[in-house]
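Contents: one structure, followed by commentary.
Taken together, the values in this text are just the output of simple stated rules run on the coordinates, not laboratory data. Quantities reported herein were computed from a predicted structural model and do not represent experimental measurements. Here the Cβ positions follow ideal geometry from the backbone for every residue, glycine too, while neighbour counts run over all protein chains shown.
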Amino acid sequence: MQHKDIAACSLSDRKCVPCEGGVPKLTPSECQTYMAQLGGDWKLVDHHQLEKEYRFKDFAQALAFVNRASAVAEAEGHHPYIHLTWGYVKLIIWTHAIDGLSENDFILAAKTDAVL
């Protein structure tokens with residue numbers, strides 16, 4: 001992972017790097033630094049995952065957002081847990097290969113917010 005240069009450029013300008021394990025999880029301090037760059041209503045849960053809830057006026061708008069977010073995830077090769085229901089979407093992001101957070105998770109979160 002490339003988390004040595006945390007503040008070098010905005011998260012949404014970065015690209016996810018394939019992770020197949022063998023890299024360390026982000027430390028709580030690194031997670032806080034990335035959280036400061038995210039903005040929005042992202043929650044850091046147990047330094048293990050990121051979560052955010054989005055509200056929309058109807059199912060169609062929520063689904064359209066899921067489709068945009070899914071396209072971003074596919075392009076990045078990093079896929080969140082997505083819960084969709086009427087007017088509501090919840091995303092949960094973590095790096096499965098390390099069972100914790102990596103820079104990729106924060107990149108995907110920032111890029112997802114950008115397609116709102």
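Excluding same-chain residues fewer than 8 positions from Lys90, which aspartates and glutamates have a Cα within less than 14 Å of its Cα?
Asp41, Glu51, Glu53, Asp113
In whole angstrom, how far apart do the alpha carbon centroids of the stretch 28-57 and the stretch 64-86 sit?
Using only Cα atoms to place each centre, the spacing works out to 16 Å.
Starting from 0.36 nm per residue, how many nanometres of slack lie between Lys43 and Lys57 once their C-alpha separation is accounted for? Can you show the working numbers first?
Numbers: separation 14, 0.36 × 14 = 5.04 nm, distance 2.24 nm.
Full extension of this stretch gives 2.8 nm more.
Using the crude model of +1 on Lys and Arg Cβ and -1 on Asp and Glu Cβ, and no other charge, please compute the dipole size for the chain relative to its Cα centre, in debye to 20.
On the way: 11 positive and 15 negative charges, 52 e Å.
It works out to roughly 240 debye.
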